[in-house]
Amino acid sequence: MAQVFAYILHKDGVVDDTALELAAAAKKIDAGATPNAIVVGAGDALDGVCNDMAASYGEVWKVANDALTYPDAEIVRKLLANILPADSIVLFAHEHLGMDLAPGLSVKLDAAFVPDVVDIEGADGSTLKLVRQEFGGAVSAHVTCDASQGAVMTIRPGVFAADESKSAGGQVVDKSADAGDFAATRKFLEIVEAEAGDVDITKSEVLVSCGRGIEDEENLEIAFDLAKAMGADVSCSRPIVDAKWLPKARQVGTSGQTVKPKVYLACGISGSFQHMGGIKGNPFIVAINKNAKAPIFQVADVGIVTDMLDFLPELTEKIEEL
Amino acid sequence: MEILVCVKRVPDTSENEIELNGAGNDIDRDDLVYSVNEWDNYAVEEALQIVDKVGGSVTVISVGDDESEEVLRREMAMGADKGILLSDDAFENVDGRGIATILKAAVEKGNYDLIFTGAQADDGAAQVGGMLAAMLDVPFASLVNTIEVNGDKLKIGREIEGGNQEMYEISLPCVLSIQTGINEPRYVGIRGIRKVASVEIPTLGAADLGLDAAAVGASAARVQRTDYFLPEMGDGAEILEGSTEEIIDKLVELLKAKGGLK
Ligand SMILES: Cc1cc2nc3c(=O)[nH]c(=O)nc-3n(C[C@H](O)[C@H](O)[C@H](O)COP(=O)(O)OP(=O)(O)OC[C@H]3O[C@@H](n4cnc5c(N)ncnc54)[C@H](O)[C@@H]3O)c2cc1C
Ligand SMILES: Nc1ncnc2c1ncn2[C@@H]1O[C@H](COP(=O)(O)O)[C@@H](O)[C@H]1O
């Protein structure tokens, strides 16, 4: 089996949670092998990240250059294509950098590409047996990947339990000189921070959260009425923000806010991983959805299969009577 | 500005509940309602708005069967000037790389300054745009949620975590994958569809594109879906049953216990 590499996300010297999840994923491809890590960046904190990773990976390939102070996928893709051996299996986290970088890398390496892998069932020769989800998690699919010419995969964050064994006893190998030039094909300008909203849902203890099931902007009133009765705040899923019915600051999810409430009422929300990825701290989740097969019912504590447009006003009325 | 927008016909998850078929190895395809991939509407709208400002034309293109023509027509009703259908028996069951290879061949027959894809489609792959850019050897950016045209350069924003945005300057030609929320796609009425009902949409197959069917077809696909299934999940939610009143009573008790009522 080919050598497995994991691309390590890190920021300000702190390694992302996905780094050890990728180590776990790599071991599901080949339990006997020790995967390698790739750490790309600049500045003093980089060596600390590399040393951290050496506990979990056999070799840590470091590429340091000032051009990598901010990891621009276009630059990183090119250098990875230069340093990676033919036929490697390369793992990324399925988040915004991996989505920017990995599909094009597979083309440059002439390797197979599998996005958003949620499970690895093993390898049969050079054929990898993988699991993906489709239609927002409504169904899963078995996927085979011919990795005989290498493979690039993005792994969904949070699905593999981090490999905490830290027993690799690896070493750092400086590959900076092999990386080629660091010329950019697009120019990084700046990060624009999210605007603060009228409420800070990251501090809310109880959230009434609405998804596409709310159907109409006017219907938001029933969510606000319920939230008022409960002493909760209103948050939402992405389509509600895309439709400009609520401000971005109320969006829960990977591209929105990370919330840590005690109780989360998901109303008309299907339960996509990008939405659920914004809910931390193991709250008590109540799902209200008219489709009994909605994926949200797999992760919620309590479910009610009903039309939220009828149910929420009745619930509000009852709570107001208390 | 000549803009090409790649669009895909997909089962509409807001119109159907996606379920497994009786044999449990595929989705139930009877009575599925199809529509254009949600992300692609935003891409077409963005292309139309850019052309409104700086001039040019918008072409929509799809790899699919005859029925994908409906999707192209819908996007033309939004205002796209031209549609191109890429269709051939050899294109059935290709993988993402195959789609990108077919699109690349079509791109090279035109003269486009800017190519849009949606950020992702029904199978959540988010792969075709990045692959296409790499094959064309032009710059790429994914999850684009703002675009400002400055001569032969664009200032773009990429959506990253936490509602933050990464800003880049990127030169043309390039490929961008468009994220939802970048604009508000215009409504298409039945009259709009009627207006473009008889516009001819050229269909190109493997031979027209100079593609070797064996090299792009299903047999060349290195990534293959073998079946669909429903995984065994953990405990799952406790479903509250009974009359609405009973359900509400139970729920209120639970909310009280968990600190959900103040
Ligand atoms: C890069 C990226 C980042 C993303 N980031 C985020 C993010 O931060 N947050 C986020 O939320 N999403 C995010 N998404 C989008 C995500 O993939 C889903 O598309 C989105 O979460 C779906 O929102 P939803 O559940 O409200 O809508 P849907 O998936 O359309 O679900 C609507 C649900 O409502 C139910 N329903 C309909 N009518 C009723 C009714 N009357 N009563 C009860 N139930 C009803 C339906 O059965 C369905 O389950 C992101 C996507 C991408 C590609
Ligand atoms: N069959 C297809 N025809 C045209 N464009 C496609 C096709 N499949 C995917 N795309 C484009 O690639 C984007 C991302 O799809 P995917 O990579 O499959 O998630 C879509 O939003 C489309 O713009």
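The values are calculated or read from the model by the stated rules, or taken from the named source; none is laboratory data. Computed from a predicted model, the values in this text were never measured in an experiment. Heads up, the Cβs are rebuilt from the backbone with ideal geometry, glycines too, and the neighbour counts pull from every protein chain shown. All accessible areas refer to the heavy atoms of the entire protein, side chains included, with ligands and DNA or RNA removed. Shrake-Rupley method; radii C 1.70, N 1.55, O 1.52, S 1.80 Å.
Within straight-line reach of A:LYS203, meaning a Cα separation under 25 Å, sit the following lysines at least 8 residues removed in sequence or on another chain: A:LYS11, A:LYS228, A:LYS244, A:LYS248, A:LYS260, A:LYS262, A:LYS280, B:LYS256, B:LYS258, B:LYS262. Using only Cα atoms, locate the centre of region A:274-289 and the centre of region A:54-80, then give the distance between them in Å, rounded to an integer. Distance between centres, Cα-based: 34 Å. Take the Cα of A:LEU309, step 7 Å toward its Cβ, do the same at A:LYS203, and the gap between the two points is 3.5 nm. Taking the DSSP beta bridges with both ends in the protein assembly as shown, the antiparallel portion is around 40 percent.
GNM remark for chain A: springs join alpha carbons under 10 Å apart, and the peak mean-square fluctuation among A:ALA141, A:ALA19, A:ALA232 falls on A:ALA141.
Under 1.5 on a/c is rounded, so check that first for region B:193-255, then, if it is not, pick prolate when a/b is larger than b/c and oblate when it is not; a ≥ b ≥ c are the square roots of the alpha carbon gyration tensor eigenvalues. Oblate, because a/c is 1.5 or more while a/b does not exceed b/c. Remark: relative contact order (region B:78-158) = 21 percent; criterion is Cα-Cα distance under 8 angstrom and separation of 6 or more residues. For the peptide A:129-142, the mean number of other protein chain Cβ atoms found within 10 angstrom of a residue's Cβ is 6.
About the centre of its Cα atoms, chain A shows a dipole size close to 560 debye [charges on the beta carbon of Lys, Arg (+1) and Asp, Glu (-1) only; nearest 20 debye]. Based on Cα atoms of chain A, Rg over Rh with Rh as the Kirkwood radius reads 1.03. Restriction of the GluC sites (Glu not before Pro) in region B:165-262 to DSSP coil positions whose beta-carbon has at most 12 other beta-carbons within 10 angstrom yields B:GLU200, B:GLU232, B:GLU241. Remark on A:THR127: its backbone amide H falls under 5 Å from those of A:ALA147, a criterion applied only to residues 5 or more positions apart or on other chains, H modelled at 1.01 Å from N. When chain A is treated as a Gaussian network with alpha carbon springs shorter than 10 Å, the biggest mean-square fluctuation among A:ASP119, A:ASP52, A:ASP301 belongs to A:ASP301. When a/c is below 1.5 the answer is rounded, else prolate if a/b is larger than b/c, else oblate, so apply that to region A:145-185 with a ≥ b ≥ c taken from the square roots of the Cα gyration tensor eigenvalues. Judged from the Cα gyration tensor, region A:145-185 comes out oblate (a/c at least 1.5, b/c at or above a/b). Backbone amide hydrogens, once placed in the peptide plane, bring A:VAL90 within less than 5 Å of A:PHE5, A:ALA151, A:VAL152, A:MET153, excluding anything fewer than 5 places away on its chain. Tilt of helix A:220-230 relative to the longest C-alpha principal axis of chain A, in degrees (0 to 90, nearest 10)? The angle comes out near 80 degrees. Based on Cα contacts under 8 Å between residues 6+ apart, chain A shows a relative contact order of 15 percent. So which aspartates and glutamates can A:LYS290 reach, going by Cα to Cα under 14 Å and dropping same-chain residues fewer than 8 places off? Filter leaves A:GLU215, A:ASP307, A:ASP310, B:GLU15, B:GLU17, B:GLU241.
Per-residue 3J(HN,Hα) values for region A:280-289, derived from phi via the Karplus relation 6.51 cos²θ - 1.76 cosθ + 1.60 with θ = phi - 60°, read 10, x, 6, x, 7, 9, 10, 9, 10, 8 Hz in sequence order (x marks Gly and Pro).
Given 5 Å bins starting at zero, what is the percent of C-alpha pairs of region A:201-321 in each, up to the one with the largest pair distance? In order of increasing distance, the bins hold 2, 13, 25, 28, 22, 10, 1, 0 percent. Angle check, please: helix B:38-54 long axis (alpha carbons) against the longest principal axis of chain B (alpha carbons), in degrees 0 to 90, nearest 10. Taking the Cα atoms of chain B, the angle to B:38-54 is about 40 degrees. Close amide-amide hydrogen proximity is noted between A:VAL172 and A:VAL60, each under 5 Å apart and 5 or more residues distant or on a separate chain (H modeled in the peptide plane; Pro and chain starts excluded).
GNM remark for chain A: springs join alpha carbons under 10 Å apart, and the peak mean-square fluctuation among A:ASP225, A:ASP12, A:ASP233 falls on A:ASP12.
Legend: mean number of C-beta atoms from other chains within 10 angstrom of residue C-beta atoms, peptide A:105-118, equals 5. Classify region B:2-220: rounded, prolate or oblate, from the alpha-carbon gyration tensor (a ≥ b ≥ c, eigenvalue square roots; a/c under 1.5 rounded; otherwise prolate if a/b is larger than b/c)? Rounded, because the longest to shortest axis ratio a/c is under 1.5. Note on B:14-21: average number of Cβ atoms from other chains within 10 Å of each residue's Cβ is 4. Looking at region B:2-220 alone, DSSP beta bridges between its own residues are antiparallel in about 45 percent of cases. The helix-based estimate of mean residue ellipticity at 222 nm for chain B, built from -39,500 (n - 2.57) per DSSP H run of four or more residues and divided by its residue count, is -8500 deg cm²/dmol to the nearest 500. Comparing region B:44-159 with the 2.2 N^0.38 Å rule of thumb, its C-alpha radius of gyration ratio is 1.07 (two decimals).
Phi angles across region A:23-33 convert, under the Karplus curve 6.51 cos²θ - 1.76 cosθ + 1.60 with θ = phi - 60°, into 3J(HN,Hα) values of 4, 5, 4, 4, 5, 6, 6, 8, 5, x, 8 Hz, Gly and Pro given as x. Each of B:LYS250 and B:GLU108 was given a label point 7 Å from its Cα along the Cα-to-Cβ line. The distance between the two points is 6.2 nm. Taking R0 as 51 Å, what FRET efficiency do you get between B:LYS195 and B:ASP227 from their Cβ-Cβ distance, rounded to the nearest 0.05? The value I calculate is 0.75. For the protein assembly as shown, the orientation-averaged shadow of the C-alpha convex hull comes to 26.7 nm² (one quarter of the hull surface). For A:LYS293, the lysines whose Cα comes closer than 23 Å to its Cα, not counting residues fewer than 8 places off in the same chain, are B:LYS250. For GluC sites (Glu not before Pro), the sites in region B:33-88 that DSSP calls loop and that have at most 13 other Cβ atoms within 10 Å are B:GLU67.
Counting only alpha carbon atoms, the long axis of helix A:73-83 and the longest principal axis of chain A meet at about 30°.
Calculated accessible area for the protein assembly as shown comes out at 42 Å² per residue, all protein chains present (probe 1.4 Å; ligands, DNA, RNA ignored).
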